[in-house]
Structure formats: structure tokens, C-alpha cells
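A.B. asks: Next up is a structure, given as C-alpha cells.
The values are calculated or read from the model by the stated rules, or taken from the named source; none is laboratory data. All values reported here derive from a predicted model rather than from experimental measurement. Virtual Cβ from ideal backbone geometry, glycine too; neighbours counted across all protein chains shown. Side chains included, ligands, DNA and RNA excluded: accessible areas come from the protein's heavy atoms. Shrake-Rupley method; radii C 1.70, N 1.55, O 1.52, S 1.80 Å.
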Amino acid sequence: VAARHGDELTGRTVTSVLSLSASPPAVLVSIDLMSRLADFIAREKGFSLALLASDQGAIADAFAGKVPHDERFDSGAWGRWHSGQPLLTGAVTVFDCEVIGAMETGSHVLFAGAIVESGTDAGKSPLLWHRHGYHGLTTID
């Protein structure tokens, strides 16, 4: 999940993403309430979401905190959606989302995002986290 505020970008590898509805298309993401990402999403009323491809493990690691915050967007090829939110190229599926609701749940905030733009590369295999490591769909036993 990534977001921008002015010219500043932030993002984080997340473990909680849920399909909220098919009509209208919407997703739900869980973000640490005290994070810069939650602040940016709340201020801008939007965020982007990339479902990473099996060859994008280095991006997942960068956004999970294995590189300094100011170097995260050095991983991968980034553009911008029409909304101005970050757009990762090369992912399996990407969404540009407008916040349609939020709910604080103690340490996290759940953001409901209406999908306003999307893209999919059907030729890509998704990156999965399973048994403490990254895998493509064909490598899970």
C-alpha cells in the first residue's frame, strides 16, 4: 500500500487486504494507526495498492522495512495514477483507491477504498508469503 502527500511518498508491505465488495469494487486495508502511511491516507483521502508479482520480492522487502524509509521507492519502477497516488509498474494487479470509510480498531485503522482505476497483467504470477518465504504459485508444495 502506498500514498502521497504533496511531493512526499510513503508505503508499506501489508498483510491485511480484503475484497470489500464487487459492486462497487472496493477493498479494505489495515494500516498501523500511528504510521506516516495512515496519516497520508487520511489527509489525501486515497491510496494505491499493488499486488506484487513473483519477481518483486525485493520490493516487498524494501516496503517491509528492510531498507531505509527514504529509499523504498528506489525499488521498482514507479509512476503516478491520475489521482497523483504512486503507481508501481510490473505488478500483477494495481489499484488506485479513494477512501470511502475508515474505522479505528485499537492499534490500526481500517481504510475502505473504492477502486477508481485498476490494471492487471494476466501474464504475471503473484508473489505469495508462505512458510516464512516468498513463492510463486507454482513453487508451493
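A.B. asks: What pairs can you find where one residue is in the range 13-36 and charged (D, E, K, R), the other is open to solvent by 70 Å² or more (accessible area, probe 1.4 Å), and their Cβ atoms are less than 7 Å apart, with a gap of 6+ or different chains?
C.D. replies: Asp32/Ser107
A.B. asks: Here is a further query. Residues in the range 33-42: is at least one surrounded by fewer than 16 Cβ atoms within 10 Å (Cβ to Cβ), assigned to a strand (DSSP E or B) and on the phi < 0 side of the Ramachandran plot?
C.D. replies: Checked against the condition, which is being surrounded by fewer than 16 Cβ atoms within 10 Å (Cβ to Cβ), assigned to a strand (DSSP E or B) and on the phi < 0 side of the Ramachandran plot, the range 33-42 yields no hits at all.
A.B. asks: Something else about it: Name the pairs: first residue in the range 115-129 and more than 22 Å from Leu20 (Cβ to Cβ) and in contact (Cβ under 8 Å) with a residue 60 or more places away in the chain, second residue open to solvent by less than 40 Å² (accessible area, probe 1.4 Å) and among the hydroxyl-bearing types (Ser, Thr, Tyr), Cβ to Cβ under 9 Å, at least 6 apart or on different chains?
C.D. replies: Asp121/Thr93; Lys124/Thr93
A.B. asks: Okay, next question. Does any residue of the range 63-71 turn out to be in a strand (DSSP E or B) and in contact with a helix residue (DSSP H, G or I) (Cβ under 6 Å, 6 or more places away or on another chain)?
C.D. replies: Checked against the condition, which is being in a strand (DSSP E or B) and in contact with a helix residue (DSSP H, G or I) (Cβ under 6 Å, 6 or more places away or on another chain), the range 63-71 yields no hits at all.
A.B. asks: So Pro86 fits all but one of (1) crowded, with 19+ Cβ neighbours inside 10 Å; (2) on the phi > 0 side of the Ramachandran plot; what number is the exception?
C.D. replies: Only one criterion is unmet by Pro86, namely (2).
A.B. asks: For Arg4, state whether it is modelled with pLDDT of 95 or more and within 20 Å of Asp74 (Cβ to Cβ).
C.D. replies: yes
A.B. asks: I would also like to ask the following. Out of all the residues in the range 10-24, is one or more at negative phi, assigned to a loop (DSSP other than H, G, I, E, B), surrounded by fewer than 19 Cβ atoms within 10 Å (Cβ to Cβ) and charged (D, E, K, R)?
C.D. replies: No: the range 10-24 contains no residue that is at negative phi, assigned to a loop (DSSP other than H, G, I, E, B), surrounded by fewer than 19 Cβ atoms within 10 Å (Cβ to Cβ) and charged (D, E, K, R).
A.B. asks: Same structure again: Consider Ala77 carefully, then state whether it is touching a residue at least 12 places away in the same chain (Cβ under 8 Å), loosely packed, with under 14 Cβ neighbours inside 10 Å, in contact with a strand residue (DSSP E or B) (Cβ under 6 Å, 6 or more places away or on another chain) and among the aliphatic types (A, V, I, L, M).
C.D. replies: Judged against the criteria, Ala77 is a match.
A.B. asks: While we're on this one: For the range 44-61, enumerate the residues that are small (Gly, Ala, Ser), farther than 19 Å from Ser30 by Cα and open to solvent by less than 40 Å² (accessible area, probe 1.4 Å).
C.D. replies: Answer for the range 44-61, where residues must be small (Gly, Ala, Ser), farther than 19 Å from Ser30 by Cα and open to solvent by less than 40 Å² (accessible area, probe 1.4 Å): Ala53, Gly57.
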